[in-house]
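Data block below; observations after.
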Amino acid sequence: MRLARPVHDMREALVKATLPQPDGALPALANLDLAPFWLRFDQTAPAHLRAGLWAATTAFAALAPVALLRPVRLDKLRPSEWETVFRASCQLPLFADLVMLTKVVACLAYFDDDAVQDIVRAGGEA
Amino acid sequence: MTHIDGSTLPGDHRLRCEVVVVGSGPAGSSIAQRLAAAGVDVVVLEAGPLLEPGQFPRSALKSMSTQYRDWGASVVLGRAPMPYVQGRMVGGGSPINGAICWRMPQDVWREWIDGDPALEQALPWAQLESATDAIETRLGVAPTDAAIAGRKNELMAQGAEALGLEHRPIRRNVVGCEGLGRCLEGCPKGRKRSVDRTLLEDARAHGARLMSQVDVTRVVLGKRGLRATGVEARAKSGARVTVEASRAVVLAASAIQSPVLLLRSGLGQGPVGQHFSCHPGVSMAARFAEPVRMWQGATQGHEVIGLRREGLKFEVLGFGLAVLASRLPGVGAELSRGVSELQHWLDWGVAVRAESEGRVRSVAGRPVVTFTPNARDVRLFRRGLRVLGEMMLAAGAESLHPGVRGFDAEVRDVDTLARLEQDGPENPAAFTSAITHMFGTCRMGSDPKRSVVRPDFRHHAAESLYVADSSVFPTNLGVNPQIAIMAMASLCAKNLLKESAS
């Protein structure tokens, strides 16, 4: 399944905002090349997982303008705006499963990177 | 040793043998070993790939996408949708499980006999014990070595000791373990004596042929009456595979896949797919002031067994980094802070011997599983989380994160844990849970209306068809089942040899 570019960009923005910037020697998810991850995800992830992430992207895309009181696309949000959107999602029970799924996807993407694994296993966290 | 890789089969393929075994996990490998050693011409079919330890990936993502069915995220439907985990490689779940070994509990076996006395003759306790002894010897089963246990396992021992709960190092099928904590992605050093490296290897040494990356689509029935004569399959390359079996077809494809295969083959007699039983588990994340480095030490090296008769068994968990991180509280900046101090976090889990039953159906040829924990099971979720939390606090945890919706996100004292047990949610959907062990969907028994296979593992309706995996278990076990599955399959092989000789 190949996503339209804007949908892919919003999906990637959501995943990167979910786990933005650990401290210490660990790199930011935003600085990692996620292209190999998305290729594997789109080709091999079970349909319900792909559909779940699409649903999360759609839900956050709908929530962001409401939480920020202005029309805005997910891939244009600043870090502080993401925190506002995440805080708003915590008030909505329907978002709990979507946030959990997004956390799983973000962590899979982040720890797929060999350098991240090496740093953590060597005890290089903050 | 013959191995045919279904991903590279150029054209349609036909094989002839005496017995075809569908599935190469603990059941399939055990039965193949015993039959091949007796001189039977065996073909073993496996849907997943044949992987060597040097090919096991380090990342959870690559592991889930190559070694697990549906990324280990197949979902049980019901009031509380939850993932269930199945391996999909040669060896089934054995190369990628926590290596936990339990003999069949005699009290569970007694429940089976009390429920259907005809089982006693087919499953004599002495023969089960004897088969188990042989399997444990071949797999090198022994208690976890304290030298490689790691801090997460030591802490569970401390917590259980403080609470006066019976606990012990987990008995595992590993030899020379270095405590790399990578059992769930497959041991990169090949130190786990999984069935692909033991029983299946023995079978292949005796001439059994292995075909990987082939999905069996149906059991072929003979023209005269209901007699299984082989199977049809589709290789990953797209080639059609036909296996003709002159003596027997054995299904050992799991409690999910075996009933679906029967249903797809038009063998819907008896309660096939019904009585799905399992061990749903819940887990607790905890933060310790000291670095505990959950990824170091034996993946799952310690267990608390003092409440097994209540239906609760506690284990250290061995998640990879990605899964551990995804269980941390918060999202965005808060999750980042948690990941920054990942070495202070660990997860322990409790498996519940669920009373509730579900069902496996075949929808468009694919399994659809429904299951909802009942009120008693949910009460055990709450009790299990309370005990987990009390052990963690006793071991020095600063804060606990039970992951229960509608309850405190963070817990720091035993009074709150008591409140979780007494007044926590009754809705199973409130709990972060997952299923690992599944049983009962082709259960054995003497009454063809209430069972799918006979006490000697033969299908009630179709001749020469056997089911040998945990789907035949009349109930769940309350403990990790891989050794019991192998022992039962060994008895199935013995019966098959006796039956087909006569």
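Does any residue of the range B:333-347 lose at least 50 Å² of accessible area with all protein chains in place compared with its chain alone, and if so which ones (probe 1.4 Å)? Residues meeting the cut-off: B:335, B:336, B:339, B:340.
Note on residue B:120 and residue B:364: their simple-model spin labels are 4.9 nm apart, each label 7 Å out from Cα toward Cβ. Averaged over its residues, the range B:64-106 has an accessible area of 29 Å² per residue, based on protein heavy atoms and a 1.4 Å probe.
In the protein assembly as shown, a dipole from Cβ-located charges (positive for Lys and Arg, negative for Asp and Glu) runs towards its positive end, and of B:162, B:420, A:95 it is A:95 whose Cα lies farthest in that direction. Give the shape of the range B:230-357 as rounded, prolate or oblate, defined through the alpha-carbon gyration tensor: a ≥ b ≥ c are the square roots of its eigenvalues, a/c under 1.5 means rounded, and otherwise the shape is prolate if a/b is larger than b/c and oblate if not. The shape class here is prolate.
Placing a label point 7 Å from the Cα of residue B:264 along the Cα-to-Cβ direction, the residues of the range B:32-47 whose backbone N falls under 14 Å from that point are B:45-47. Taking the Cα centre of the range B:128-238 as reference, the dipole from Cβ charges on Lys and Arg (+1) and Asp and Glu (-1) amounts to some 720 debye. For the range B:294-399, what class follows from the C-alpha gyration tensor (a ≥ b ≥ c being the square roots of its eigenvalues): rounded when a/c is under 1.5, otherwise prolate if a/b is larger than b/c, else oblate? Taking the square roots of the gyration eigenvalues as a ≥ b ≥ c, the range B:294-399 is oblate.
Of the residues B:340, B:367, B:391, the one whose Cα sits farthest towards the positive end of the charge dipole of the range B:309-448 is B:367 (charges of +1 on Lys and Arg Cβ, -1 on Asp and Glu Cβ, taken about the Cα centre). Each other residue within a Cβ distance under 12 Å of residue B:480 adds +1 if Lys or Arg and -1 if Asp or Glu, for a net charge of +4. Secondary-structure-derived ellipticity at 222 nm for the protein assembly as shown, considering helices only, amounts to -11000 deg cm²/dmol, per-run term -39500 (n - 2.57) for DSSP H runs with n ≥ 4.
How charged is the neighbourhood of residue B:156? Take every other residue with its Cβ under 13 Å from the Cβ of residue B:156, and add Lys/Arg as +1 and Asp/Glu as -1. So the surrounding residues net to -3.
In a reduced charge model with +1 at each Lys and Arg Cβ and -1 at each Asp and Glu Cβ, the protein assembly as shown shows a dipole moment near 1680 debye about its Cα centre. The alpha carbon gyration tensor of the range B:74-130 gives principal lengths a ≥ b ≥ c with a/c of 1.5 or higher and a/b no greater than b/c, which makes the shape oblate.
Rounded to the nearest 20 debye, the dipole magnitude of the range B:283-378 is 320 debye, with +1 charges on Lys and Arg beta carbons, -1 on Asp and Glu beta carbons, and the Cα centre as origin.
Cross-link partners for residue B:236 among the aspartates and glutamates, with Cα-Cα distance under 18 Å and sequence neighbours closer than 8 places in the same chain left out: B:5, B:12, B:46, B:70, B:215. Cross-linked pairs B:62/B:152; A:16/A:76; A:103/B:62; A:76/A:103; A:103/B:313; B:449/B:494: Cα-Cα separations exceed 23 Å for B:62/B:152; A:103/B:313; B:449/B:494. Among the trypsin sites (Lys or Arg not before Pro) within the range A:45-91, those in coil by DSSP and having at most 15 neighbouring Cβ atoms inside 10 Å are A:73.
Listed values for the range B:157-172 are Karplus-derived 3J(HN,Hα) couplings in whole Hz (6.51 cos²θ - 1.76 cosθ + 1.60, θ = phi - 60°), namely 4, 4, x, 5, 4, 4, 8, x, 9, 5, 8, 6, x, 5, 7, 10, and x replaces Gly and Pro.
The separation of the range B:162-187 from the range A:84-126, counted between C-alpha centres, amounts to 27 Å. In chain B, the C-alpha radius of gyration followed by the widest Cα-Cα span (Dmax) gives 22.2, 71 angstrom.
When chain B is described by a simple charge dipole with +1 on each Lys and Arg Cβ and -1 on each Asp and Glu Cβ, the residue from B:440, B:411, B:229 located farthest towards its positive end is B:229. Surface composition of the range B:287-355: carbon and sulfur make up 47 percent of the accessible area, probe 1.4 Å. Where both bridge residues fall in chain B, DSSP classifies roughly 70% of the beta bridges as antiparallel. Peptide B:64-73 has a mean of 4 when you count, residue by residue, the C-beta atoms of other protein chains within 10 Å of its C-beta.
Tally Lys/Arg at +1 and Asp/Glu at -1 over every other residue whose Cβ is under 10 Å from the Cβ of residue B:400; what's the total? Here the charged neighbours net out to -3. On association of chains B and A, roughly 3200 Å² of accessible area becomes buried (total for both chains; probe 1.4 Å). With both labels modelled 7 Å from their Cα along Cα-to-Cβ, the residue B:137 to residue B:205 distance reads 1.4 nm. Centre-to-centre, using Cα atoms only, the range B:385-404 and the range B:1-64 are separated by 42 Å. Bridges between two residues of the protein assembly as shown, per DSSP, are antiparallel at a rate of about 70%. Spatial offset of the range A:1-69 relative to the range B:412-456 amounts to 34 Å, using the alpha carbon center of each.
Modelled this way, with points 7 Å down the Cα-to-C-beta line, the labels at residue A:72 and residue B:244 are 7.0 nm from one another.
Counting only protein heavy atoms and using a 1.4 Å probe, the accessible area of residue A:37 comes to about 10 Å². Do any GluC sites (Glu not before Pro) in the range B:284-374 lie in a loop, going by DSSP, with at most 10 other beta-carbon atoms within 10 Å of their beta carbon, and if so which? Of the GluC sites (Glu not before Pro), not one in the loops of the range B:284-374 has a Cβ with at most 10 other Cβ atoms within 10 Å.
The residue B:223 and residue B:355 beta-carbon pair, evaluated with R₀ = 56 Å, returns a calculated FRET efficiency of approximately 0.80.
The values are calculated or read from the model by the stated rules, or taken from the named source; none is laboratory data. Every value quoted in this text rests on a predicted model; they were computed, and no experiment measured them. Here Cβ is always computed from backbone atoms with ideal geometry, including for glycine, and neighbour counts include all displayed protein chains. With ligands, DNA and RNA removed, areas are computed over all heavy atoms of the protein, side chains included. Shrake-Rupley method; radii C 1.70, N 1.55, O 1.52, S 1.80 Å.
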